Amino acid sequence: MQSDNRQLSLFDPPPQAAENLALWTPRDIWVRLNQRLMAQLGEDRRLDYKRVDYRNRAERIDFEDMAHYYSAYSNFPDGGLLVFGVSSKGEPLGCSTVPLQQLNRLENFHTNQCPLAKPEKAYPFASGKINIL
């Protein structure tokens, strides 16, 4: 019987986690998130999509609602992800209608409302539109 001499790396995800999206941590999702994966992942305790359209009053950024998410994700051991500019089905819509002042407020929101939260931010492009994570 031959032995398998491959050494496991501490930095490689376990094979089972790579195959089953339900086992991924918010950090696993953060590192791998792309347009295709957004459609596969549904919203759950780890991930929430926020549709943003400033032409429609009901789809504007609700900063009071964000404080609840920051608080909840800060109290969860693995945290969580808020993805702006995406429909609830994971379709990228973009944030092109969001005024610059609101984008700045969003980026600095945690310093005023949730100073102990330590969010990571990314600004990837999907379908030619800016989406904010």
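Per-structure values
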{"item": "Residue tally, condition among the small types (Gly, Ala, Ser) and within 13 Å of Lys50 (Cβ to Cβ), over the range 68-121", "result": "6"}
{"item": "Residue that is exposed (fewer than 14 other Cβ atoms within 10 Å of the Cβ) and either over 23 Å from Asn112 (Cβ atoms) or in contact with a helix residue (DSSP H, G or I) (Cβ under 6 Å, 6 or more places away or on another chain) (or both), where the choices are Arg51, Arg55", "result": "Arg55"}
{"item": "Cross-chain or 6+ apart pairs with Cβ under 8 Å, the range 77-89 first and more than 11 Å from Arg45 (Cα to Cα), then charged (D, E, K, R) and not in a loop (DSSP other than H, G, I, E, B)", "result": "Val83/Asp48; Val83/Lys50; Phe84/Lys50; Gly85/Lys50; Gly85/Lys129; Val86/Lys50"}
{"item": "Single residue of the range 25-45 satisfying the filter (in a helix (DSSP H, G or I) and in contact with a strand residue (DSSP E or B) (Cβ under 8 Å, 6 or more places away or on another chain)) that is nearest to Gly80 (Cα to Cα)", "result": "Pro26"}
{"item": "Condition broken by Arg60, with the remaining ones in (1) out of contact with any helix residue (DSSP H, G or I) (no Cβ under 6 Å at 6 or more places or on another chain); (2) within 18 Å of Pro119 (Cβ to Cβ) satisfied", "result": "(2)"}
{"item": "Tally of residues being of a type in the set (S, T, N, Q), outside any loop (DSSP other than H, G, I, E, B) and modelled with pLDDT of 90 or more across the range 46-100", "result": "0"}
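The values are calculated or read from the model by the stated rules, or taken from the named source; none is laboratory data. What you are looking at is a predicted structure, and each value in this text was computed from that prediction instead of being measured. Positions of Cβ are generated from backbone atoms using ideal geometry, with glycine treated the same way; all protein chains shown enter the neighbour counts.
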